[in-house]
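Report on the following structure.
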Amino acid sequence: QFGVLPFIVKPLVAAGPDAAPSAKAGTARQFWITVSIPDGQKAGTYTGSFVLSAQGAPDLVLPASVTVLPFKLPDADMGLGFFGTSPAPYSAYGFPENQARVDADHARIIADLRAHGVTLFDVGALRFKGFKDGQAVWDTEKAEKLAKAARDVGFPFLRMLAWEDGKLNEIALDPAAAARKHGFADGDAILKATYGTANEICKQRGLPEPLFSFGDEPGTQPEMDKLLTLYANVRKAGAHGYICYSTSHDLTRPLLDVLRVSSLNQAPLGDIQRAQKAGNTVWLNNQGRNRWAYGAYMWKAHAAGIEAYQQFLYNGAHVDPYYPLDSIEDEESMVY
């Protein structure tokens, strides 16, 4: 069964202090009222009312109160965020005349995430452009732009993946063959020129440590053997690997030894400790929608050294968010 209707909550923002949101005659709509409390607001209970007016009917006065508590919740001391925090809406992608609108939408999304206590933001992809004069060329423009936007609104944790179009895979899978193809002395030389330079370049440009990913959820031994080769070579060059997967069976557990970051679904304590023993870290993803996943389990995982948690997903879209025939799982937490 596929969804065919958009699930949208469209903000109705008043045009000014004396204006009010409204609904057209003959329509019915639900209003969501958001009250923002300024920093430094004195604690106490504030009372007032909302007035609902309709032509030909008496005003409906709705009393309301807001209680301001004498403290402010601190930020989480771990990365909490969403996958796919990309610009909205989908229909604006790819057209230069829409770029200003997309940028403005994205800025609002970033600020909104931070205002709701999110602490981890994806700054987009570091792009490998090839080689020039024996050195890797990285395109950092988009990542730098998003990193600045995230830092401007106070994000304490940033994540950045290197974009993979096959070239990075080719080099890490068979460094010797890639060295011959691109004119390097040997496999170690091309690995160092490609992956070994990425951390330093990002550090110079104020970007987080790049993470390299070659796919998620390996399901067969040949897939695992390939991934182990890829990530071992990435690690050998001084760079760091990352994927999302489950350690619910023994097949994938060797990845804990070679991945800088393993993003796992409900990891048992033994897997967390195995990664830590290898000098690696464990993140969590998609823990579920129940009180156990967001409550007791997260407290235990945090105490065990989990550094970040990401949920699928905020507002990316596979193809068409209104008719998701492309997807196995609908984008249930999508927000525009």
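The values are calculated or read from the model by the stated rules, or taken from the named source; none is laboratory data. Here the structure is a predicted model, which means the values were calculated and not measured. Note: ideal-geometry Cβ built from the backbone for every residue, glycine included; neighbour counts use all protein chains shown. Note: accessible area is taken over every heavy atom of the protein model, side chains too, but ligands, DNA and RNA are not part of it. Shrake-Rupley method; radii C 1.70, N 1.55, O 1.52, S 1.80 Å.
Residue pairs whose Cβ atoms lie under 7 Å apart, separated by 6 or more positions or on different chains, with the first residue in segment 285-311 and over 18 Å from Gln273 (Cβ atoms) and the second in a helix (DSSP H, G or I) and among the small types (Gly, Ala, Ser), are Gln287/Ala293.
Going through Arg289, Arg274 one at a time, which residue ends up being modelled with pLDDT under 80 and at negative phi? Give the derivation first.
Details: Arg274 fails: modelled with pLDDT under 80.
None of the other options fit; the residue is Arg289.
Note on segment 180-223: residues that are outside any loop (DSSP other than H, G, I, E, B), modelled with pLDDT under 95 and among the acidic types (Asp, Glu) amount to 2. The residue that is farthest from Ala179 (Cα to Cα), among those in segment 139-157 that are out of contact with any Pro (no Cβ under 8 Å at 6 or more places or on another chain) and touching a residue at least 60 places away in the same chain (Cβ under 8 Å), is Pro156. Among residues of segment 117-129 that are on the phi < 0 side of the Ramachandran plot, those with a beta-carbon under 6 Å from a residue that is crowded, with 20+ Cβ neighbours inside 10 Å and outside any strand (DSSP E or B) at least six positions away or on a different chain give the pairs Phe121/Ala150; Phe121/Phe155; Asp122/Thr85; Val123/Ala143; Val123/Leu146; Val123/Ala147; Leu126/Ala143; Phe128/Leu168.
Can you tell me which residue among Glu307, Glu332 is open to solvent by 80 Å² or more (accessible area, probe 1.4 Å) and either under 18 Å from Glu217 (Cβ atoms) or modelled with pLDDT of 50 or more (or both)? It is Glu307. Considering only residues that are more than 14 Å from Pro208 (Cα to Cα), assigned to a strand (DSSP E or B) and open to solvent by 60 Å² or more (accessible area, probe 1.4 Å), which ones fall in segment 136-179? Selection gives Trp163 alone. A single member of Leu228, Leu269, Leu255, Leu264 is within 23 Å of Ala193 (Cα to Cα) and free of Cβ contacts under 8 Å to residues at least 60 places away in the same chain, and it is Leu228. Among the listed residues Ala162, Ala136, which satisfies the condition of being without any contact (Cβ under 8 Å) to a residue 60 or more places away in the chain, more than 24 Å from Ser36 (Cα to Cα) and touching a Ser or Thr at 6+ places or on another chain (Cβ under 8 Å)? Checking each option against the conditions leaves just Ala162.
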